[in-house]
Amino acid sequence: MSGILKKAVAQSALAGLTEARARIFGHVLNPTGQRSPHKLLRKKLIGDKIASWYPYDIKQDDPLVVAREQQERLSKLEMLKRRGKGQPKKGQGKRAAKRKPAVAK
């Protein structure tokens, strides 16, 4: 009987020691061993560092750059249409050609 008592006292002392250690060193106590996101949340955030790596985007402020790109896009579409490679008119594509015509009653 005393062996069981010693074991119980040792376990409770060990549990108390573990709790004290967690409090002192700032660890998260997880006695059940359940999965926890604490390890991920403990990491430093890196969003600002990544954002500072990329250069400033001139397209956001300069309307001339945006206008030039739009003009290039329109001229490319016009060239494709002249060659017969442009987009079909709305309702004239492959999918519309597959559809059977509606029968009037």
Failed item, numbered, when Lys7 is tested on (1) open to solvent by 100 Å² or more (accessible area, probe 1.4 Å); (2) in a helix (DSSP H, G or I); (3) at pLDDT below 85; (4) not small (Gly, Ala, Ser): (3)
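Quick one: in region 24-45, which of the residues that are open to solvent by 100 Å² or more (accessible area, probe 1.4 Å) and either in a loop (DSSP other than H, G, I, E, B) or on the phi > 0 side of the Ramachandran plot (or both) is modelled with the lowest pLDDT?
Just the residues of region 24-45 that are open to solvent by 100 Å² or more (accessible area, probe 1.4 Å), to begin with: 24-25, 27, 31-32, 34-35, 39-45.
Going one step further and asking which of them are either in a loop (DSSP other than H, G, I, E, B) or on the phi > 0 side of the Ramachandran plot (or both), we end up with 27, 31-32, 34-35, 43-45.
On the way: His27: 85, Pro31: 81, Thr32: 85, Gln34: 88, Arg35: 88, Lys43: 87, Lys44: 88, Leu45: 88.
This residue is Pro31.
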Filter result (outside any loop (DSSP other than H, G, I, E, B) and loosely packed, with under 10 Cβ neighbours inside 10 Å) within region 46-58: Gly47, Asp48, Lys49, Ile50, Ala51, Ser52, Trp53
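The values are calculated or read from the model by the stated rules, or taken from the named source; none is laboratory data. In this text the structure is predicted, and so the values were computed from the model without any measurement. Please note: Cβ atoms are built from the backbone with ideal geometry, for glycine as well, and neighbour counts cover all protein chains shown. Heads up: the accessible areas ignore ligands, DNA and RNA and are worked out on the full protein's heavy atoms, side chains in. Shrake-Rupley method; radii C 1.70, N 1.55, O 1.52, S 1.80 Å.
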